[in-house]
Amino acid sequence: MKALAAFVGMWLVVRAVSPVEAAEWNVGLATVNIIPDKPVPMAGYAARTKSFENIAQEIHAKALALEDRQGHRAVLVTTDLIGISRAVAEPVCERIRDKTGLARSQILLSSSHTHSAPILSLEERTESGVTPEDARNIVAYTRGLQDKLVDAVVQALSRLEPARLSWGSGVAHFAMNRREFTPRGVILGMNPRGLVDRTVPVLRIDSDTGRLRAVLFGYACHNTTLTQTNFSLCGDYAGFAQAYVQEQFPDTQAMFMMGCGGDANPNPRGTMENAREHGAALGREVCRVLNLPLAPVGGPLTCAFGRASLPLQPFSRPELEAMITNGLSWQTGNAKSLLAKLDRGETLPNAYDCPLAVWQFGTNLTLVGLSGEVVVDYVPLVEQAIGPLKLWIAAYCNDVFGYLPSARVLKAGGYECRGLYTGPGFFAPTAQDALLAKVRALAEQSGRTRAH
């Protein structure tokens, strides 16, 4: 019996450091600084048109390259930016494909939605109060950013090393539903009874010897702790949370993905100290989860990508004119763009092709990458569509085109109903069903079952 016990003990020790178990994945990492060389205006608040004045915190793009035992590869790129539109994202993905051979389904671009980062544009646009010089600097910055995103992916793929993945989740409490109901309609405010997703999903990436190499975590809340009075470049709470984790675990790459926080704001908000406090709170929770027993994440990795044709609302000329004359402020810009198309004799768009991604990690985890500023209703809706277990729902991926409201939000009205801002159009209530149908199809394509 003693000999048997000794054998079992020795087997457990060997199993703990088994190279076969440790080699489940190969992982490569890269981080690039994306601070502009020249001051450019900051994104997120229309009234703020002048350039940033100083740097409160560095902003980065970070790449995580994954390869399973069968050689299936994928790359996730997270950015401290307000959002990457299709016009910026697709050329980046094409260049990554040409340089690395990765298919579009194997590339996922994510933005933290910080409102304290540079404006992105490939066109010199001055109609919003931006000076011609600033407009040129914005275009130059955006083109340089595209180069850096491609370089980060190439670097990460060149640094693949054996790794183990595991995941779990925690909770953070500073997200507040911002859809405040008043006698005059829904306003941007505070709704303590409103739905928010306070989940903190965490993916831990260790070397084959057990050293923590990287952490990917998420939260579903606007990065708007800092308001239009801020002129300091900063990643907001998400940037401070990443910094907190990296301070606790030196030589670790911390990465952040936004969840369905299109209708949530940090509370309280307004100061740099608020942003630091929220970042520390989120960072502490990530570190707490890292010290828990986490669920192993195995392969194979199956990546599915597609586009959902989301219906847009039809409008007549009188309806658009009424929206411009008597409508709410968040309606007028989009209505003017639609009316201008009619004036040019053009047909109004009837749908928007929304990119969607589903990455399936064996039977252990499903990552759903939604596009746009997705409201929190889509968390339970996606859970109902494909099952709630072993599920990570991210938003602000691949194409941040505007707000994606649910049918319920559209019925109630409010700022989140403003629709597209990379082009004209307001989403119809049936966009919800179209999106969920495509998510369901991609989940099936990737191999997820409701039992997962």
When only DSSP loop residues count, what trypsin sites (Lys or Arg not before Pro) in segment 353-452 have their Cβ near at most 15 other Cβ atoms within 10 Å?
450
When the charge dipole of segment 126-248 is computed with +1 on Lys and Arg Cβ and -1 on Asp and Glu Cβ about the Cα centre, the Cα farthest towards its positive end, among 245, 176, 142, belongs to 176
Residue by residue through segment 118-124, what is 3J(HN,Hα) from phi via Karplus (6.51 cos²θ - 1.76 cosθ + 1.60, θ = phi - 60°)? Round to whole Hz and write x for glycine and proline.
x, 5, 10, 6, 9, 10, 7
The chain, relative contact order [Cα under 8 Å, separation at least 6], %:
16 percent
Net dipole in debye of segment 274-374 [+1 Lys, Arg Cβ; -1 Asp, Glu Cβ; about Cα centre; nearest 20]:
220 debye
Length released on extending from residue 90 to residue 251, taking residue separation times 0.36 nm less the Cα-Cα span:
54.8 nm
Considering only the chain, percent of DSSP beta bridges that pair antiparallel, nearest 5
75 percent
Projected area averaged over orientations for the chain, convex hull of C-alpha atoms, nm²:
23.0 nm²
Accessible-area order for 171, 77, largest to smallest, probe 1.4 angstrom, reads 171, 77
Hey, rough spin-label estimate for residue 126 and residue 187, points 7 angstrom out along Cα→Cβ, what's it come to in nanometres?
3.7 nm
Select from 186, 200, 216 the residue farthest towards the positive end of the dipole of segment 169-221; place +1 on Cβ of Lys and Arg, -1 on Cβ of Asp and Glu, and compute about the Cα centre.
186
Please give the solvent-accessible surface of residue 278 in Å², to the nearest 10, using a probe radius of 1.4 Å with every protein chain present.
10 Å²
Give the calculated FRET efficiency between residue 330 and residue 69 to the nearest 0.05, with a Förster radius of 51 Å applied to their Cβ-Cβ distance.
0.55
Label zone at residue 344 (point 7 Å along Cα-to-Cβ), backbone N below 17 Å, segment 311-333:
333
Taking GluC sites (Glu not before Pro) that fall in a DSSP loop and have at most 16 other Cβ atoms within 10 Å as cut points, what is the longest piece of the chain between them?
128-345
Would you mind pulling out the separation of the Cα centroids of segment 55-120 and segment 381-430, in Å?
21 Å
Can you divide the C-alpha Rg of segment 160-265 by 2.2 N^0.38 Å and report the result to two decimal places?
1.31
Need one value: the accessible area of residue 272 in square angstrom, 1.4 angstrom probe, rounded to the nearest 10.
50 Å²
Before rounding to the nearest 500, sum -39500 (n - 2.57) across all DSSP H runs of length at least 4 in the chain and divide by the residue total; then give [θ] at 222 nm in deg cm²/dmol.
-10500 deg cm²/dmol
Debye, to nearest 20: dipole size of the chain, +1 on Lys, Arg Cβ, -1 on Asp, Glu Cβ:
780 debye
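The values are calculated or read from the model by the stated rules, or taken from the named source; none is laboratory data. Because the structure is predicted, anything quoted here is derived from the model rather than measured. Positions of Cβ are backbone-derived with ideal geometry, glycine not excepted, and every protein chain shown enters the neighbour counts. All accessible areas refer to the heavy atoms of the entire protein, side chains included, with ligands and DNA or RNA removed. Shrake-Rupley method; radii C 1.70, N 1.55, O 1.52, S 1.80 Å.
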